[in-house]
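Participant: A single structure is presented below for examination.
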Amino acid sequence: MSIKFMDKVVLREEKGGAAEVYTHGGHVTSWKTSLGKELIFLSKKAIFEPPKAIRGGVPICFPQFGMMGPMPTQHGFARNVNFVLKRLDGVAPTACNTTSMVLRYDGKGHETFPYPFELRSTVTLGDSTLTQELSVTNTGTQPFQFTCALHTYFRISAIDQVKIKGLSKCRYLDNLQEMRELTDDQTELLFQRETDRVYLAAPDSIEIHDSGSGRVFEITKTGFPDAVVWNPWVDKAAKMADFGDEEYKEMLCIEPAVAGSGAVSLEAGMTWRGSQVIRHYQASGA
Ligand code: TA6
């Protein structure tokens with residue numbers, strides 16, 4: 001199958017759920033329930049013009065998260081370039097529910113990151129679950145370090161209707177206070193202002209409880225020590241050309257990350273793996 005640039009694959013599972021993954025950035029842009037409800041936020045103003053990263057979905061931040069690395073622009077370059085479709089198949093004869101896309105970099109083109117690598121993203125759609133697995137192989141001869149994140153934009157009913165469970169009493173770096181280290185003393189994280197935090201050595205299970213929809217997202221991360229929580233709120237939203245002024249009300253980012261706890265060092269020929277499994281369900285009594 002020849003996949004044109006900026007093309008996407010559609011994944012389906014037997015109960016009717018669906019997901020979309022673009023070859024541009026290996027970018028998940030949609031995950032719908034079996035009833036057709038959209039679970040992933042994608043900005044109405046998202047720009048589908050390479051090399052611009054798509055606003056929303058699950059940008060793959062690699063080989064750098066934020067400014068945690070040598071590159072001059074935040075979040076690295078994987079989300080700005082085309083991946084190659086390597087696999088599209090499934091468990092049911094009628095539905096492809098898994099895809100793998102690969103970015104091979106020869107070490108040329110980004111002088112601050114001259115290290116060849118192969119980045120593979122595998123996305124699998126299950127009954128009420130979306131799994132994304134990253135693998136990074138050092139295909140060069142020199143060791144290199146990287147930070148990264150699955151910068152996941154969740155669609156929510158309203159930002160004042162959600163709370164996060166699982167990060168209570170955790171240490172975090174506050175990006176709004178020059179990465180000052182603080183401790184979250186809230187039992188549950190609520191949102192009343194711009195929030196931009198890198199939780200350090202965060203628990204591997206984090207939940208978003210949306211009382212507006214009755215939906216719970218249960219995020220289980222593996223290999224990613226940290227978790228980023230971000231909502232731009234009013235002022236930051238107004239400054240983003242590819243993001244609607246009011247859209248901060250309907251999204252929340254929870255991002256499994258290799259960030260504040262320190263970069264991964266990868267020896268030549270070695271492979272690092274990380275994944276997230278997101279399960280959604282209706283809270284009892286909702
Ligand atoms: O993950 C949170 C964050 O680092 C925020 O500081 C904000 O910059 C966000 O990422 C979006 O970054 P982007 O480069 O996609 O506009």
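The values are calculated or read from the model by the stated rules, or taken from the named source; none is laboratory data. This structure is a prediction, so every number in the text was calculated from the model and none was measured. Neighbour counts are summed over all protein chains in view; Cβ atoms, including those assigned to glycine, are modelled from backbone coordinates with ideal geometry. When the accessible area is computed, the model is the full protein with side chains, heavy atoms only, and any ligands, DNA or RNA have been set aside. Shrake-Rupley method; radii C 1.70, N 1.55, O 1.52, S 1.80 Å.
Participant: Check whether at least one residue in segment 222-239 is among the β-branched types (Val, Ile, Thr) and open to solvent by 70 Å² or more (accessible area, probe 1.4 Å), and report yes or no.
Facilitator: yes
Participant: In addition: Answer yes if at least one residue in segment 65-76 is farther than 19 Å from Tyr153 by Cα, touching a residue at least 40 places away in the same chain (Cβ under 8 Å), within 13 Å of the ligand (Cβ to nearest atom) and open to solvent by 80 Å² or more (accessible area, probe 1.4 Å), and no otherwise.
Facilitator: yes
Participant: Also, I was wondering about something else. How many residues does segment 123-163 contain that are in a strand (DSSP E or B), more than 30 Å from Leu190 (Cα to Cα) and open to solvent by less than 30 Å² (accessible area, probe 1.4 Å)?
Facilitator: Qualifying residue count for the region: 5.
Participant: Residues in segment 63-122 that are in a strand (DSSP E or B) and in contact with a Lys or Arg (Cβ under 9 Å, 6 or more places away or on another chain): how many?
Facilitator: Going through segment 63-122 one residue at a time, the tally reaches 15.
Participant: Scan segment 21-37 for residues that are open to solvent by less than 50 Å² (accessible area, probe 1.4 Å) and either within 19 Å of Ile254 (Cα to Cα) or part of a strand (DSSP E or B) (or both) and report the count.
Facilitator: Residues of segment 21-37 that are open to solvent by less than 50 Å² (accessible area, probe 1.4 Å), as a first pass: 21-31, 33, 36.
When the remaining residues are screened for being either within 19 Å of Ile254 (Cα to Cα) or part of a strand (DSSP E or B) (or both), the result is 21-22, 24-31.
Total meeting the criteria: 10.
Participant: Please pick out the residue among Ile54, Ile47 that is hydrophobic (A, V, I, L, M, F, W, C), open to solvent by 40 Å² or more (accessible area, probe 1.4 Å), assigned to a loop (DSSP other than H, G, I, E, B) and under 26 Å from Ala259 (Cβ atoms).
Facilitator: After ruling out the rest, the residue left standing is Ile47.
Participant: While we're on this one: The conditions are (1) away from the ligand (no atom under 15 Å from the Cβ); (2) modelled with pLDDT of 95 or more, and Val91 fails exactly one of them. Which is it?
Facilitator: Result: Val91 passes all but (2).
Participant: How about segment 194-205: which of its residues are open to solvent by 30 Å² or more (accessible area, probe 1.4 Å) and more than 10 Å from the ligand (Cβ to nearest atom)?
Facilitator: Correct list: Ala201, Pro203, Asp204, Ser205.
Participant: For residues that are in contact with a Ser or Thr (Cβ under 8 Å, 6 or more places away or on another chain) and without any contact (Cβ under 8 Å) to a residue 60 or more places away in the chain, scanning just segment 77-90, find the one that is least open to solvent (accessible area, probe 1.4 Å).
Facilitator: Selected residue: Asp89.
Participant: Taking Tyr172 as the residue in question, decide whether it is within 26 Å of Ile47 (Cα to Cα) and buried (at least 17 other Cβ atoms within 10 Å of the Cβ).
Facilitator: Taking the combined requirement at face value, the residue does not satisfy it.
Participant: While we're looking at this one, here's another question. Kindly evaluate Ser284 against the criterion of being more than 16 Å from the ligand (Cβ to nearest atom), among the hydroxyl-bearing types (Ser, Thr, Tyr) and modelled with pLDDT under 95.
Facilitator: Yes.
Participant: Could you please tell me which pairs satisfy a Cβ distance under 9 Å, a separation of 6+ or placement on different chains, a first residue in segment 264-286 that is closer than 30 Å to Arg215 by Cβ and assigned to a strand (DSSP E or B), and a second residue that is of a type in the set (A, V, I, L, M, F, W, C) and open to solvent by 90 Å² or more (accessible area, probe 1.4 Å)?
Facilitator: No pair meets every condition.
Participant: Pairs only if they're at least six apart or on different chains, beta carbon under 7 angstrom, first in segment 144-164 and more than 17 Å from Gln74 (Cβ to Cβ) and acidic (Asp, Glu), second assigned to a loop (DSSP other than H, G, I, E, B) and within 15 Å of the ligand (Cβ to nearest atom); list them, first residue then second.
Facilitator: Asp160/Phe191
Participant: Can you spot a residue in segment 183-193 that is in a strand (DSSP E or B) and more than 20 Å from the chain's Cα centre (by Cα)?
Facilitator: yes
Participant: May I pose another question? Could you grab the pairs with beta carbons closer than 7 Å, sequence gap of 6+ or different chains, first residue in segment 200-219 and of a type in the set (Ser, Thr, Tyr), second one open to solvent by 40 Å² or more (accessible area, probe 1.4 Å)?
Facilitator: Partner pairs satisfying both residue conditions: Ser205/Glu218; Ser205/Thr220; Ser211/Gln161; Ser213/Ser157.
Participant: Looking at segment 206-258 only, could you name the residues that are more than 10 Å from the ligand (Cβ to nearest atom), more than 15 Å from Leu42 (Cα to Cα) and not in a strand (DSSP E or B)?
Facilitator: Answer for segment 206-258, where residues must be more than 10 Å from the ligand (Cβ to nearest atom), more than 15 Å from Leu42 (Cα to Cα) and not in a strand (DSSP E or B): Ser211, Gly212, Ser213, Gly214, Gly223, Phe224, Pro225, Trp233, Val234, Asp235, Ala238.
Participant: Within 22 Å of Leu42 (Cβ to Cβ) and among the aromatic types (Phe, Trp, Tyr): is that true of Phe65 in this structure?
Facilitator: Against the criterion (within 22 Å of Leu42 (Cβ to Cβ) and among the aromatic types (Phe, Trp, Tyr)), Phe65 qualifies.
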